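Some notes on the structure that comes next.
The values are calculated or read from the model by the stated rules, or taken from the named source; none is laboratory data. From a predicted model like this one, the values you see are computed outputs, not experimental measurements. So basically every Cβ, Gly included, is an ideal-geometry build from the backbone, and we count neighbours across all protein chains shown. Protein only, heavy atoms only, side chains kept; ligands, DNA and RNA dropped before computing areas. Shrake-Rupley method; radii C 1.70, N 1.55, O 1.52, S 1.80 Å.
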Amino acid sequence: KMIDEWHQVLILDIVDFFNENSVKSWDFTKSFYEDFCERYKKVWEMTFNIFDDAIVKRFLYGIKYPVFQSRFDKFINTYNPDLVISVFPFWQGFIKHYLKKYEKTFKTGVFITDSIKIHSIWYLNKDYIDYYFVIDEMTKQEFIKKFNHKTDNIIVSFFFFYENFFIDRETI
């Protein structure tokens, strides 16, 4: 017997939390980041590795959270979701702080958009994440190895990106 069950899906962009000046700053930062990654690949790799350090990550997370946490909490309390899925690492910090403050009322998932080399920022709040979604078995194995992950909660899924963004691994 099949039961039709519909779910309401709400998409929350972190930019929705910004004021007008913050949006301009975000647009500049995003543009600079994309340009920087393309022009200075070796420097970006060094930056990636520096930010992969736990102390640096915790410092950066500490700066971002207080600014938007109350807005995130209000959003969650208003909609009372069954599941929160994150596609950007900063959301996991909001989830962690919310779940520490309130009784846990929803499942959590993370779509890891890294492959080949996974940044540890995705794993920083692991105790508050129920499911991890990765693009393929190779990324799953890299995830397990890098983080010494023991829980069977990694799901090989798909990327929700256009096909023209995929990279042929043989030519990397």
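If you check every pair at least six apart or on different chains, which have Cβ atoms under 8 Å apart with a residue in the stretch 94-105 that is in contact (Cβ under 8 Å) with a residue 24 or more places away in the chain and more than 14 Å from LYS74 (Cα to Cα) first and a residue that is assigned to a helix (DSSP H, G or I) and open to solvent by 70 Å² or more (accessible area, probe 1.4 Å) second?
Every condition considered, the pairs that remain are LYS96/ASP127.
Across the stretch 125-138, what is the number of residues that are open to solvent by 30 Å² or more (accessible area, probe 1.4 Å) and either farther than 12 Å from HIS149 by Cα or among the hydroxyl-bearing types (Ser, Thr, Tyr) (or both)?
Taking the stretch 125-138 and keeping what is open to solvent by 30 Å² or more (accessible area, probe 1.4 Å), we get 126-128, 130-131, 133, 135-138.
Next cut, either farther than 12 Å from HIS149 by Cα or among the hydroxyl-bearing types (Ser, Thr, Tyr) (or both) only: 128, 130-131, 133, 135-138.
Number of matching residues: 8.
Looking at the stretch 137-150, can you tell me whether even one residue there is of a type in the set (Asp, Glu), more than 29 Å from ARG71 (Cβ to Cβ) and either without any contact (Cβ under 8 Å) to a residue 40 or more places away in the chain or in contact with a Gly (Cβ under 8 Å, 6 or more places away or on another chain) (or both)?
Narrowing the stretch 137-150 to residues of a type in the set (Asp, Glu): 137, 142.
Add one more test, that the residue is more than 29 Å from ARG71 (Cβ to Cβ), and what stays is 137, 142.
Then keep just the ones that are either without any contact (Cβ under 8 Å) to a residue 40 or more places away in the chain or in contact with a Gly (Cβ under 8 Å, 6 or more places away or on another chain) (or both); that gives 137, 142.
Yes.
Pick from the stretch 104-127 the residues that are under 22 Å from TRP44 (Cα atoms) and of a type in the set (Gly, Ala, Ser): which of them is nearest to the chain's Cα centre (by Cα)? Reasoning before the result, please.
Going through the stretch 104-127, the residues under 22 Å from TRP44 (Cα atoms) turn out to be 112-124.
Imposing the further condition that a residue be of a type in the set (Gly, Ala, Ser) reduces the set to 115, 120.
Values: SER115: 13, SER120: 11 Å.
Only one residue tops the list, namely SER120.
When both residues are 6+ apart or on different chains and their Cβ atoms are under 7 Å apart, which pairs have a first residue that lies in the stretch 73-88 and is more than 14 Å from ASN125 (Cα to Cα), and a second that is at pLDDT 90 or above and open to solvent by 50 Å² or more (accessible area, probe 1.4 Å)?
Close Cβ pairs (under 7 Å, with a partner that is at pLDDT 90 or above and open to solvent by 50 Å² or more (accessible area, probe 1.4 Å)) amount to ASP82/LYS107; LEU83/LYS107.
Being over 25 Å from ILE50 (Cβ atoms), among the charged types (D, E, K, R) and crowded, with 17+ Cβ neighbours inside 10 Å is the filter here, so list the residues in the stretch 84-124 that pass it.
Of everything in the stretch 84-124, nothing turns out to be over 25 Å from ILE50 (Cβ atoms), among the charged types (D, E, K, R) and crowded, with 17+ Cβ neighbours inside 10 Å.
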